[in-house]
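The values are calculated or read from the model by the stated rules, or taken from the named source; none is laboratory data. Worth saying up front: this structure is predicted, and the values here are computed from it rather than measured. All Cβ positions, even for glycine, are placed from backbone atoms using ideal geometry, and neighbour counts span all protein chains on display.
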């Protein structure tokens with residue numbers, strides 16, 4: 001049977017109370033720093049977000065920078081908290097560094113995508129709503145995330161392109177300039193009247209209200225091939241009207257030439273992607 005000496009219990013209790021009294025200022029100050037720090041971090045994060053929104057920063061960049069600041073301040077607060085408790089922080093920081101290196105080596109691809117996302121957000125080769133061609137995909141950008149860019153194709157398929165590959169490859173932005181030119185070629189027989197054909201093609205462009213007057217549409221002889229006279233037909237249109245202008249130009253030019261009795265050779269082509 002265990003014999004407990006009351007005097008020993010009293011002695012242990014006194015020692016515990018003395019340690020608690022000696023340590024309580026550190027404990028109280030550490031938790032005070034923790035609670036005040038958490039409140040201050042939330043306040044700072046809210047203020048920083050509002051400032052970035054006021055300066056019209058990109059929403060993706062605003063969220064990313066605010067999140068980075070939030071976690072950096074939390075880590076700093078945690079290190080301060082354990083330091084105030086009297087725990088040695090140098091070994092703790094070394095462990096964090098080693099963990100960071102190990103995670104970095106295991107996530108090299110993800111870090112590449114992360115860096116690519118930062119480059120896209122900072123240099124803005126495209127923005128949400130732009131139609132781009134990259135990595136073999138033509139689609140409209142619906143969301144720029146930190147690791148991938150989410151895009152929607154014309155046939156309503158969602159495509160996720162890694163930002164690392166996207167930032168290191170060629171990007172064609174069809175929306176950046178606001179206007180686009182369709183480069184079409186119409187081929188007619190050598191027996192046809194060149195001037196008449198040119199006037200007909202130009203009239204078709206001028207009659208289309210969606211074809212811009214400035215820059216002016218152009219029609220000119222592009223090439224004299226072995227079996228045809230090739231006309232370059234170049235209407236300009238707003239981005240939102242480009243597909244309609246492209247298809248209507250092909251249709252209306254063919255109809256107008258047929259009505260005029262001008263033979264269209266079977267090599268008429270459209271050089272632009274209708275996206």
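State whether one or more residues within the range 87-94 are closer than 27 Å to residue 57 by Cβ and either surrounded by 13 or more Cβ atoms within 10 Å (Cβ to Cβ) or modelled with pLDDT of 85 or more (or both). Looking through the range 87-94, none of the residues is closer than 27 Å to residue 57 by Cβ and either surrounded by 13 or more Cβ atoms within 10 Å (Cβ to Cβ) or modelled with pLDDT of 85 or more (or both).
Of the strands (runs of 3 or more DSSP E) contained entirely in the range 178-267, those carrying at least 3 residues that are touching a helix residue (DSSP H, G or I) at 6+ places or on another chain (Cβ under 7 Å), over 30 Å from residue 127 (Cα atoms) and outside the structural domain of residue 130 (by TED's automatic domain parsing) fall at 229-234. As a summary of the residue check, residue 195 satisfies the conditions (1) without any contact (Cβ under 8 Å) to a residue 40 or more places away in the chain; (2) buried (at least 20 other Cβ atoms within 10 Å of the Cβ); (3) within 24 Å of residue 236 (Cβ to Cβ) except for the one numbered (2).
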